[in-house]
Amino acid sequence: MALHTTQRQPQLHHLPATPETVHWGYFDGTLTPRLTVRSGDIVELETLTHRAGDAPDLLMDDGVRRVYQEVGDRGPGPHIMTGPIAVEGAEPGDTLEVRVLGMRPRLLYGSNMASRAGLLYEHLGQRQRATVFEFGADLALARARFAFEVPAG
């Protein structure tokens with residue numbers, strides 16, 4: 001079934017990352033949508049890093065801390081996913097076009113992990129290493145604040 005954008009103005013939606021709107025470590029097509037939109041709508045979607053525990057004083061605010069404390073159902077994977085989002089009229093097997101119109105960090109810090117699944121694992125002597133970055137106010141540059149080895153697990 002093809003979805004077509006109608007002549008109506010797109011509606012703007014906001015889906016925050018909260019314990020009620022995220023799932024941690026798994027995909028599940030049977031989850032109840034946390035938001036339903038129409039083709040052409042715009043969604044402002046909050047996302048969280050599963051690496052916020054690397055430097056909680058920099059990578060967590062009260063909302064992130066609440067997700068870490070309250071989400072107990074964690075699957076085998078590491079990622080925190082906000083949603084799902086349903087699109088009216090879409091059916092299983094349909095291909096949906098999604099455009100990223102912009103990104104804005106929640107906090108001015110981020111984390112990167114070089115691990116067994118990453119390209120730098122061999123280069124780092126088969127060690128896992130996390131690096132915490134600080135973004136400049138204009139977001140044009142990020143500088144490493146510190147890094148540390150992460151025990152294999």
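The values are calculated or read from the model by the stated rules, or taken from the named source; none is laboratory data. What you are looking at is a predicted structure, and each value in this text was computed from that prediction instead of being measured. Positions of Cβ are backbone-derived with ideal geometry, glycine not excepted, and every protein chain shown enters the neighbour counts. These accessible areas exclude ligands, DNA and RNA; they are computed on the full protein's heavy atoms, side chains included. Shrake-Rupley method; radii C 1.70, N 1.55, O 1.52, S 1.80 Å.
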For this session: Answer yes if at least one residue in the stretch 13-29 is at pLDDT below 95, in a loop (DSSP other than H, G, I, E, B) and charged (D, E, K, R), and no otherwise.
Result: yes
Problem set entry | Filter result (among the hydrophobic types (A, V, I, L, M, F, W, C) and closer than 27 Å to PRO10 by Cα) within the stretch 30-78 | LEU31, LEU35, VAL37, ILE42, VAL43, LEU45, LEU48
Problem set entry | Failed item, numbered, when LEU96 is tested on (1) open to solvent by 80 Å² or more (accessible area, probe 1.4 Å); (2) in a loop (DSSP other than H, G, I, E, B); (3) closer than 30 Å to ARG143 by Cα | (3)
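Return the only residue of ARG38, ARG34, ARG104, ARG65 being at pLDDT 95 or above, out of contact with any Ser or Thr (no Cβ under 9 Å at 6 or more places or on another chain) and open to solvent by 50 Å² or more (accessible area, probe 1.4 Å).
When all the criteria are applied, what remains is ARG65.
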Problem set entry | Filter pass, PRO76 being farther than 30 Å from ALA147 by Cβ and not hydrophobic (A, V, I, L, M, F, W, C) | no
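So, GLY118, is that one at pLDDT below 90, in a loop (DSSP other than H, G, I, E, B), open to solvent by less than 50 Å² (accessible area, probe 1.4 Å) and not β-branched (Val, Ile, Thr) or not?
Values: at pLDDT below 90: yes; in a loop (DSSP other than H, G, I, E, B): yes; open to solvent by less than 50 Å² (accessible area, probe 1.4 Å): yes; not β-branched (Val, Ile, Thr): yes.
Here the answer is yes, as GLY118 does meet what is asked.
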Exercise. With (1) surrounded by fewer than 17 Cβ atoms within 10 Å (Cβ to Cβ); (2) closer than 27 Å to VAL132 by Cβ; (3) among the hydroxyl-bearing types (Ser, Thr, Tyr) as the list, and THR49 as the residue in question, which single condition is left unmet?
Worked result: (1)
